[in-house]
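What follows is one structure encoded as structure tokens, with my remarks underneath.
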């Protein structure tokens with residue numbers, strides 16, 4: 001005898017141009033404009049960082065162009081007492097969370113002091129090792145559950161990371177301990193050169209939630225309203241001890257980093273096609289359709305460029321950290337062994 | 001004062017720290033109802049409830065990584081790696097995240113995490129169950145690596161480790177978990193980064209930790225020399241000063257450890273001794289260690305594990321140099 005013992009399904013959320021959009025406006029009108037402005041600032045940041053890298057002011061930069069709706073929408077849904085766990089491409093998320101632009105530049109310019117102050121925003125510094133940060137998202141969510149707090153944590157991760165063990169362990173632990181965790185996959189279709197079709201045989205990444213007894217859902221990641229809707233829904237569940245895995249479908253319009261050449265592994269045609277779905281373009285069209293586009297927004301691109309340029313200049317004018325800082329913060333209280341070593345290295349550095 | 005063996009001292013330290021600070025939680029594989037496979041957490045779940053002491057899913061990286069997340073939210077987790085040979089699955093989280101969170105955030109965030117693991121060989125256990133990984137963790141930067149050798153040090157150092165606002169890897173010598181009991185003074189404080197002079201002597205300095213300390217003591221009785229035995233207790237950052245002072249006095253030194261020779265922490269100790277005491281040295285530093293082979297299945301372990309006989313030969317070599 002055989003019988004079905006389990007079946008699951010995954011839903012996808014879209015808003016723009018669907019019946020869900022009927023009860024427009026579903027956030028306050030001014031919020032739409034604010035969101036667009038943030039997206040534009042993030043876009044200009046990306047372009048500026050790219051040019052600074054070409055000028056040799058930044059060693060390596062990971063562009064987020066095309067993923068602004070994912071990052072800004074997800075963080076828009078977050079409350080101040082919630083937490084954010086980034087991966088490494090979340091510059092737009094940092095911007096929406098309120099991290100000062102000059103400090104974000106400072107970190108990309110190789111100075112960790114750019115990450116100082118993030119604790120005021122309940123936001124962790126970047127985690128570069130792909131997928132490993134998901135366990136911190138799980139741990140924070142478990143802690144919230146244990147403390148019976150009413151907040152939640154959102155952790156970013158990418159399509160490639162869903163092959164990592166830590167990703168799966170994080171989902172499993174979250175399910176077991178009713179973690180207040182939302183895992184937000186930006187499926188931008190490529191892990192450097194590896195297309196999602198070769199990364200996994202799963203039809204969706206969201207369905208990986210099913211194996212861990214938690215909710216999974218898919219969202220159009222280039223539709224900022226859909227992202228907000230999905231993330232709000234997920235956070236609501238997470239606050240009640242039901243962790244959620246969101247897969248946001250998006251596309252990396254630029255290279256993986258400034259060290260990458262994506263023409264080696266993907267067609268220009270595909271990139272051009274996705275440019276048609278550029279989240280800024282789509283949101284602008286939406287605002288136009290709903291009569292919210294105005295001259296101020298039209299002029300904001302130049303304004304955003306100015307804001308970003310000023311921040312970049314501030315970062316460029318910052319002094320590099322001094323020798324002493326090499327040894328700072330390794331421990332809370334510097335061990336004698338390290339104090340001695342610091343003195344020895346300092347002598348060498350001064351000669 | 002009560003008498004405890006080493007594993008009982010672990011249990012007492014955990015209990016007293018959990019009592020003192022309700023942010024201290026203990027978890028790991030079989031740590032809850034079962035009290036851990038070595039019973040180190042015995043009774044803690046009954047006493048403090050399932051949210052303070054519990055068995056977690058079977059995933060070492062998951063245990064360490066979630067503990068980092070919980071630390072960032074104000075908890076003070078003490079997690080158990082069932083055997084240190086399985087701790088490598090958590091190595092990445094410990095080395096690249098636990099140890100770096102403070103520096104990465106320029107002091108904004110800290111990870112007051114203690115990772116406990118029974119370590120070491122000589123108990124005829126299965127493959128992967130007898131590893132001595134202290135050198136790996138010592139080379140991770142930003143960690144404290146602690147190995148006690150007595151019930152008193154176990155109790156006092158584990159409490160200190162849990163109280164520390166930085167991550168600690170606390171390796172427990174499982175061969176001597178139940179080897180002997182000792183009067184344990186709960187009020188006694190033992191500082192991290194401070195070596196213990198086990199036995200004073202004039203002729204040679206013998207450095208050993210964990211389950212090698214009793215071997216060192218036995219060996220010292222078999223040579224016609226006055227052996228000074230030093231137990232560093234904190235492997236990293238090690239109290240090299242106490243060791244160097246001793247070698248300046250004795251002029252001779254031997255390191256005895258279970259881990260393989262190349263890249264073992266004995267290599268570091270040996271370098272530090274020659275860097276600091278060359279003018280007092282009468283002989284090159286002797287190392288008695290395991291060979292550079294994987295820990296064997298147990299029919300071969302007697303050849304692998306340093307024992308009294310090899311320690312005595314080592315002492316004789318360094319004394320007769």
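The values are calculated or read from the model by the stated rules, or taken from the named source; none is laboratory data. These numbers were taken from a predicted model, which means no experiment stands behind them. Counting neighbours? That spans all protein chains shown, and the Cβs are built from the backbone with ideal geometry, glycine included.
Residue A:172 falls short of the stated requirement of being in the same structural domain as residue A:86 (by TED's automatic domain parsing), over 29 Å from residue B:58 (Cβ atoms) and surrounded by 18 or more Cβ atoms within 10 Å (Cβ to Cβ). May I ask you to say which residue of A:193, A:163 is more than 10 Å from chain B (Cβ to nearest Cβ), free of Cβ contacts under 8 Å to residues at least 40 places away in the same chain and closer than 21 Å to residue A:89 by Cα? Residue meeting the stated conditions: A:163. Out of B:175, B:160, one residue alone is within 14 Å of chain A (Cβ to nearest Cβ), outside any loop (DSSP other than H, G, I, E, B) and either surrounded by fewer than 24 Cβ atoms within 10 Å (Cβ to Cβ) or modelled with pLDDT of 95 or more (or both). It is B:160. Considered as a group, the residues in the range A:127-136 that are more than 7 Å from chain B (Cβ to nearest Cβ) and surrounded by 24 or more Cβ atoms within 10 Å (Cβ to Cβ) include one that is farthest from residue B:104 (Cα to Cα), and that residue is A:134.
Against the conditions (1) over 16 Å from the mean Cα position of the chain (by Cα); (2) over 20 Å from residue A:255 (Cβ atoms); (3) in a loop (DSSP other than H, G, I, E, B), residue A:99 satisfies every one except (1).
In this structure, is residue A:63 at pLDDT below 95 and either surrounded by fewer than 23 Cβ atoms within 10 Å (Cβ to Cβ) or part of a loop (DSSP other than H, G, I, E, B) (or both)?
Values: at pLDDT below 95: no; either surrounded by fewer than 23 Cβ atoms within 10 Å (Cβ to Cβ) or part of a loop (DSSP other than H, G, I, E, B) (or both): yes.
Taking the combined requirement at face value, the residue does not satisfy it.
The rows are residues; the columns are (1) part of a helix (DSSP H, G or I); (2) buried (at least 18 other Cβ atoms within 10 Å of the Cβ); (3) within 14 Å of chain B (Cβ to nearest Cβ).
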site	(1), (2), (3)
A:256	no, yes, no
A:270	yes, no, no
A:280	yes, yes, no
A:291	no, no, no
A:310	yes, no, no
A:320	no, no, no
A:329	no, yes, yes
A:337	yes, no, yes
A:346	yes, no, no
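Filtered by the rule that a residue be in a loop (DSSP other than H, G, I, E, B) and either buried (at least 22 other Cβ atoms within 10 Å of the Cβ) or within 18 Å of the chain's Cα centre (by Cα) (or both), the range B:40-55 gives B:40, B:41. Is it true that some residue in the range A:147-158 is more than 28 Å from residue A:329 (Cβ to Cβ), at pLDDT 95 or above and touching a helix residue (DSSP H, G or I) at 6+ places or on another chain (Cβ under 8 Å)? Looking through the range A:147-158, at least one residue is more than 28 Å from residue A:329 (Cβ to Cβ), at pLDDT 95 or above and touching a helix residue (DSSP H, G or I) at 6+ places or on another chain (Cβ under 8 Å).
Here residue A:156 meets each of (1) over 14 Å from residue A:238 (Cα atoms); (2) more than 13 Å from every other protein chain (Cβ to nearest Cβ); (3) surrounded by fewer than 24 Cβ atoms within 10 Å (Cβ to Cβ) with one exception, condition (3). What do you reckon, is residue B:33 surrounded by fewer than 24 Cβ atoms within 10 Å (Cβ to Cβ) and not in a helix (DSSP H, G or I)? For residue B:33, the condition - surrounded by fewer than 24 Cβ atoms within 10 Å (Cβ to Cβ) and not in a helix (DSSP H, G or I) - is met. Among the residues of the range A:187-229, those identified as assigned to a strand (DSSP E or B) and under 29 Å from residue A:176 (Cβ atoms) are A:187, A:191, A:215, A:216, A:217, A:218, A:219.
Could you list all residues from the range B:275-308 that are assigned to a helix (DSSP H, G or I) and either surrounded by 14 or more Cβ atoms within 10 Å (Cβ to Cβ) or in contact with a helix residue (DSSP H, G or I) (Cβ under 7 Å, 6 or more places away or on another chain) (or both)?
From the range B:275-308, those assigned to a helix (DSSP H, G or I) are B:275-280, B:298-304, B:308; that's our starting set.
Answer for the range B:275-308, where residues must be assigned to a helix (DSSP H, G or I) and either surrounded by 14 or more Cβ atoms within 10 Å (Cβ to Cβ) or in contact with a helix residue (DSSP H, G or I) (Cβ under 7 Å, 6 or more places away or on another chain) (or both): B:276, B:277, B:280, B:298, B:301, B:304, B:308.
Between A:117, A:98, the distinction of being within 13 Å of chain B (Cβ to nearest Cβ) and either in contact with a helix residue (DSSP H, G or I) (Cβ under 9 Å, 6 or more places away or on another chain) or farther than 28 Å from residue A:225 by Cβ (or both) belongs to A:117 only.
Listed here are the residues, each with its yes/no results for (1) assigned to a helix (DSSP H, G or I); (2) within 9 Å of chain A (Cβ to nearest Cβ); (3) closer than 30 Å to residue B:295 by Cα.
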| position | (1), (2), (3) |
| --- | --- |
| B:57 | no, yes, yes |
| B:69 | yes, yes, no |
| B:74 | no, yes, no |
| B:78 | no, no, yes |
| B:85 | yes, no, yes |
| B:91 | yes, no, yes |
| B:97 | yes, yes, yes |
| B:107 | no, yes, no |
| B:116 | no, no, yes |
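Is it true that residue A:134 is in the same structural domain as residue A:31 (by TED's automatic domain parsing) and either modelled with pLDDT under 95 or closer than 22 Å to residue A:250 by Cβ (or both)? Against the criterion (in the same structural domain as residue A:31 (by TED's automatic domain parsing) and either modelled with pLDDT under 95 or closer than 22 Å to residue A:250 by Cβ (or both)), residue A:134 qualifies.
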